[in-house]
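Student: Got a structure for you, questions after.
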Amino acid sequence: MSKALQIPFGRLVRTSVPKVHEDELVKFRTVNNAAVPLSKSLEDIIAKMRVRQTWAHDELMSLGFSGNTFVGSVDNTKNAKEIAQSIIQALQLPEHWTFDKSDRKRFNFLRDTLSKIGIMTMVDSKAATNEKLDIQEFRAFTLLDDIAPLIFINRNDSDKAMLFSLLHELTHIFIGAEELFNASEAEFDISDQERLINQTVMEIILGNSDFRKEWLKESETKSSRVEVAETFSSHYGLSTLSFLIKAKQDGLASERDIKEEYNQLAQPSLKQTKKKEGGDANVTNSFHLDSRFVSLVKQGIDSNSISYTDGFSLLGIKSERAYDGLLTKKGLDDDITIPA
């Protein structure tokens, strides 16, 4: 019964019902689903990330680290272009940083860049019960902290969608607003803040590019607006839909173009491929965990500020072999120092 219901055995044999304290984060859900009960999977993954964040915060404090100056640094700015420029400068993103990369390499490049400035990015596809995380319930979330801000990305999304979510949550950190993100680029009924953040994501992606000029140039050789948007998607890494929305905002595409593409995306067999699970466990563990967080745990284990058992628990691994494999994949075999 435990396996069929995907409920831990211990919960089924309790003599009393435990008190449930709903995490503050759930009140930030952005779609009108407030009456929908929080799934056990989401509850568990939020709790797991809270534990990691709390430990990282305390460990960094003990090492003498001060607050992360990027958290809430643009909270009074209401212009998407200005917010985007602040983020680009903070990350020192090069011009056309998305060009000539696969979708996965774009995502990895950005998360590695965030790790270097003290913003942790965790990724997973399943909860502790081994239940698949539902992208209809959430795509990502942000846990604010003055020292160890954390972004979690639902691995069950496409690589393009994960890049959008990562940029979206990054903007939330700079604005200083915690969030549970369960909308899509095409969500029509969103708050002014979410609209501002979505526009900021596009500004970060495009950088100093002249979108209108590029769009009109591509239109000369393409038979439809969707084809033009697909070209932008290939170059910049976000979905075709996101560029159709940008084009509509600039008077270059119609609502009909957006809805037609949105309807196509609603048919998984036409637009999406199923992600393959399994493979090299070391690669999987490495992808799930933020590099700076792994470095911090390793430094704690090496300095005896944390036991191997507790360190393995924080990393979600069970053996020394898995730990060694993780360090190898992260390039942390040698002695390391946590970057400031």
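Student: Can you compute the radius of gyration and Dmax for the stretch 45-164, using only the Cα atoms, both in Å?
Tutor: Final numbers for Rg and Dmax: 15.5, 43 Å.
Student: When the Kirkwood radius is taken over all Cα pairs of the stretch 193-253, what Stokes-Einstein diffusion coefficient follows at 37 °C and 0.692 mPa s, in µm²/s?
Tutor: Working: Rh = 11.6 Å.
Stokes-Einstein gives a translational diffusion coefficient of 283 µm²/s.
Student: If you don't mind, there's one more thing I want to ask. Could I have the simple spin-label model distance between A128 and D310, label points 7 Å from Cα toward Cβ, reported in nm to one decimal?
Tutor: Reported label-point gap for A128 and D310 is 1.7 nm.
Student: If the stretch 99-233 were replaced by its equivalent ellipsoid, with semi-axes equal to the square roots of 5 times the Cα gyration tensor eigenvalues, what would those be, largest first, whole Å? Mind showing how you got there, number by number?
Tutor: Details: eigenvalues 152, 59, 49 Å².
Taking √(5λ) for each eigenvalue gives 28, 17, 16 Å, largest first.
Student: In Å, what Rg and Dmax follow from the Cα atoms of the stretch 154-232?
Tutor: When restricted to the Cα atoms of the stretch 154-232, Rg and Dmax are 14.5, 43 Å.
Student: Suppose a student asked you for the relative contact order of the stretch 53-162, using Cα pairs under 8 Å spaced at least 6 residues apart; what percent would you report? Please list the in-between numbers first.
Tutor: Working: 106 pairs, mean separation 34.1, N = 110.
Relative contact order here is 31 percent.
Student: List the chymotrypsin sites (Phe, Trp or Tyr not before Pro) within the stretch 116-191 that fall in a DSSP loop (any state other than H, G, I, E or B) and whose Cβ has at most 14 other Cβ atoms within 10 Å. Write out the running numbers ahead of the final one.
Tutor: On the way: sites: F138, F141, F152, F164, F174, F181, F188; in loops: F138, F188.
Within the stretch 116-191, the qualifying chymotrypsin sites (Phe, Trp or Tyr not before Pro) (loop, at most 14 other Cβ atoms within 10 Å) are F188.
Student: Of K116/K217; K132/K248; K78/K126; K48/K248; K160/K213, which ones are farther than 32 Å apart at the Cα?
Tutor: Beyond 32 Å between Cα atoms: K116/K217; K132/K248; K78/K126; K48/K248.
Student: Per residue of the stretch 252-261, in order, report the coupling 6.51 cos²θ - 1.76 cosθ + 1.60 (Karplus, θ = phi - 60°) as ³J(HN,Hα) in whole Hz, putting x for Gly and Pro.
Tutor: 10, 8, 10, 4, 5, 4, 5, 5, 5, 5
Student: In the stretch 192-244, what percent of the accessible surface is made up of carbon and sulfur (1.4 Å probe, ligands and nucleic acids excluded)?
Tutor: Numbers: 1030 of 2400 Å².
Exposed carbon and sulfur together represent 43 percent of the surface.
Student: Next question, about the same structure. Mind giving me the FRET efficiency for A177 and D210? R0 is 30 Å, r the Cβ-Cβ distance, nearest 0.05 is fine.
Tutor: Numbers: r = 30 Å, r/R0 = 1.01.
The calculated FRET efficiency here is 0.50.
Student: Please work out the C-alpha center-to-center distance from the stretch 87-148 to the stretch 49-83 and express it in whole Å.
Tutor: Result: 15 Å between the Cα centres.
The values are calculated or read from the model by the stated rules, or taken from the named source; none is laboratory data. The shown structure was predicted, so the numbers you read here are calculated from the model rather than taken from an experiment. Quick reminder, even Gly has a Cβ in these numbers, built from the backbone with ideal geometry, and neighbours come from all protein chains shown. These area figures cover heavy atoms from the full protein model, side chains too; ligands, DNA and RNA do not enter into them. Shrake-Rupley method; radii C 1.70, N 1.55, O 1.52, S 1.80 Å.
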